[in-house]
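Engineer: Structure provided below as structure tokens; questions to follow.
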Amino acid sequence: MLRYALPVLLAIILPINAHSLAPGEALDDIELEQRARNLSLEIRCLVCQNQSIDDSDADLAKDLRALVRERLVAGDSDIQIKAMLTDRYGEFVLLRPTFSGHNMALWLAPFIALFIGFFAFLRIIRQSKKNNPSG
């Protein structure tokens, strides 16, 4: 029983750490490759939508990883690469969109909902105390 536990555990854990980078995709420059990997973790796969391009096997993700590496080799900064992708695909391509005027509601909605919920909870508590003074 115990000798089967290790293969099962490895089968569960290893896919979590697997990346979709093809062997020929990696850059020779270690620093540029690390920047490419970091950027790839911040860019959404437009096919999978809930994965970064680093984790996706979709053809578009492979193309975007190649484009990121191409722009890094050309000397673009991380900000320039994100700006180029955002101009081309919209802000949806970023897994962590920036805080700006047009998406402010998305950023503030959870806090507003929490605020409203808190005051609704207080009102319910006060109403129940008024209706049941012995409670």
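What follows is calculated from the coordinates using simple rules that are stated; it is not laboratory data. Since this is a predicted model, take the numbers as computed values, not measurements. Cβ sites come from the backbone with ideal geometry, for glycine too, and all protein chains shown count toward neighbours.
Engineer: Can you run phi through the Karplus equation (6.51, -1.76, 1.60; θ = phi - 60°) for segment 88-104 and list ³J(HN,Hα) in whole Hz, with x for Gly and Pro?
Structural biologist: 7, 10, x, 5, 4, 5, 8, 5, 10, x, 6, 7, 8, x, 7, 10, 4
Engineer: Related question: For segment 35-135, report the translational diffusion coefficient in µm²/s to the nearest whole number, using Stokes-Einstein at 25 °C, 0.890 mPa s, and a Kirkwood Rh over Cα pairs.
Structural biologist: Calculated translational D: 149 µm²/s.
Engineer: Moving on. Give a residue-ordered list of calculated ³J(HN,Hα) values for segment 32-49 (Karplus: 6.51 cos²θ - 1.76 cosθ + 1.60, θ = phi - 60°; whole Hz; x for Gly, Pro).
Structural biologist: 5, 5, 5, 4, 4, 5, 4, 5, 5, 6, 9, 10, 7, 6, 6, 8, 7, 6
Engineer: Still on this model: So, in nm, how far is label N38 from label H102 when the simple model puts each one 7 Å beyond its Cα toward the Cβ?
Structural biologist: So the label points at N38 and H102 sit 2.8 nm apart.
Engineer: With θ set to phi - 60°, apply the Karplus curve 6.51 cos²θ - 1.76 cosθ + 1.60 along segment 120-126 and write out the HN-Hα couplings as whole Hz, x wherever there is a Gly or Pro.
Structural biologist: Karplus values, whole Hz, x for Gly and Pro: 5, 4, 4, 5, 5, 4, 5.
Engineer: Sticking with this one: Would you pull out the residues with amide H under 5 Å of L94's amide H, same chain only if 5 or more places away, H placed 1.01 Å from N?
Structural biologist: Here the answer is R44, since their amide H atoms fall under 5 Å of that of L94.
Engineer: Now for a different question. Given a Förster distance of 35 angstrom, what is the FRET efficiency for D28 paired with D87, based on the Cβ-Cβ distance and rounded to 0.05?
Structural biologist: With a Förster radius of 35 Å, E is 0.75.
Engineer: Listed highest first by mean packing, meaning other Cβ atoms within 10 Å per residue, what order do 69-78, 55-64 come in?
Structural biologist: Going from most to least packed, we get 55-64, 69-78.
Engineer: Hey, with R₀ at 41 Å, roughly what FRET efficiency would R123 and V47 work out to, going by the Cβ-Cβ distance, to 0.05?
Structural biologist: With a Förster radius of 41 Å, E is 0.35.
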